1. Out of curiosity, is residue 239 surrounded by 14 or more Cβ atoms within 10 Å (Cβ to Cβ) and part of a helix (DSSP H, G or I)?
2. Among the residues of segment 136-150, which ones are in a helix (DSSP H, G or I) and more than 20 Å from the chain's Cα centre (by Cα)?
3. Of everything in segment 73-111, what is more than 15 Å from residue 49 (Cα to Cα) and assigned to a loop (DSSP other than H, G, I, E, B)? Give them in sequence order.
4. Give segment 156-185 a look and list any residue that's surrounded by fewer than 19 Cβ atoms within 10 Å (Cβ to Cβ) and within 15 Å of the chain's Cα centre (by Cα), or say none.
5. Within segment 242-260, can you find the residues that are without any contact (Cβ under 8 Å) to a residue 12 or more places away in the chain, within 21 Å of residue 216 (Cα to Cα) and not in a loop (DSSP other than H, G, I, E, B)?
6. Within segment 156-177, track down each residue that is assigned to a loop (DSSP other than H, G, I, E, B) and in contact with a strand residue (DSSP E or B) (Cβ under 7 Å, 6 or more places away or on another chain).
7. Among 153, 180, which is in contact (Cβ under 8 Å) with a residue 40 or more places away in the chain, out of contact with any strand residue (DSSP E or B) (no Cβ under 8 Å at 6 or more places or on another chain) and assigned to a helix (DSSP H, G or I)?
8. Report yes if some residue within segment 221-230 is in the same structural domain as residue 156 (by TED's automatic domain parsing), over 19 Å from the mean Cα position of the chain (by Cα) and surrounded by fewer than 17 Cβ atoms within 10 Å (Cβ to Cβ); otherwise report no.
């Protein structure tokens with residue numbers, strides 16, 4: 001695809017079906033590098049998803065030969081000023097926080113490469129399904145730019161030694177290794193990637209949206225607390241959850257051996 005042709009297309013494609021919102025990064029000629037425009041489009045789509053009851057799970061994928069190659073280096077060098085760099089990295093950080101704070105699960109559907117901020121995006125998503133040929137890296141060290149912001153998500157997704165090795169070497173990690181490290185949840189053949197990701201998304205979409213929102217928020221909140229504080233916080237969350245109508249419905253349905261009817265309340 002030529003750059004001219006790509007310029008006439010939206011940088012983000014959206015489609016919602018059966019409760020699953022599919023967001024596809026659409027800068028294939030640039031390996032879906034996270035330009036300011038793409039990050040803005042993705043952030044706006046996530047904001048709409050948060051308020052849309054028809055959207056229960058979000059899947060983020062990439063068009064063309066790669067998932068995401070990180071920041072757009074040409075864009076970064078177009079304005080080599082402190083103000084420009086602060087703006088782009090702040091925008092990226094806010095986008096990652098937006099994914100974590102979204103009251104709906106977000107799944108990365110990864111093929112090709114996911115490098116630098118693209119690897120950060122995978123690590124930030126709640127779940128990730130990867131094709132067997134997918135590769136992951138934080139290669140900034142190779143060009144004199146340590147992957148400091150990707151490091152934040154990476155160190156929260158994998159062990160410290162593994163994260164440090166990826167950050168210090170910049171080497172590509174294959175999908176099987178990424179799975180062993182905990183960076184991705186599943187590895188499937190490339191031809192099965194979309195089907196496997198969609199099946200996982202729909203399985204989650206069938207749960208109570210309220211319960212998912214409570215659980216996702218609590219997961220990230222407790223992870224930042226000490227053990228005793230985490231238990232106190234989680235006990236309060238469980239109490240609040242038990243008072244919800246969906247919890248009563250779910251327990252009653254289980255005891256009656258019937259499917260639950262969620263009201264998301």
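The values are calculated or read from the model by the stated rules, or taken from the named source; none is laboratory data. Bear in mind that the values here come from a model prediction, so they are computed numbers and not experimental data. FYI the Cβ positions are ideal-geometry reconstructions off the backbone, even for glycines, and counts take in every protein chain you see.
1. No; evaluated as a whole, the condition is false for this residue.
2. Within segment 136-150, 140, 141, 142, 143 meet the criteria.
3. If the condition is that a residue be more than 15 Å from residue 49 (Cα to Cα) and assigned to a loop (DSSP other than H, G, I, E, B), then 79, 80, 81, 111 are the ones that fit.
4. Answer for segment 156-185, where residues must be surrounded by fewer than 19 Cβ atoms within 10 Å (Cβ to Cβ) and within 15 Å of the chain's Cα centre (by Cα): 156, 182, 185.
5. Let us first name the residues in segment 242-260 that are without any contact (Cβ under 8 Å) to a residue 12 or more places away in the chain, namely 242-243, 248, 251-259.
Within this subset, residues satisfying the condition of being within 21 Å of residue 216 (Cα to Cα) are 242-243, 248, 251.
Scanning segment 242-260 gives 242, 248, 251.
6. The answer is 170, 171, 172.
7. Answer to the check: 153.
8. No: zero hits.
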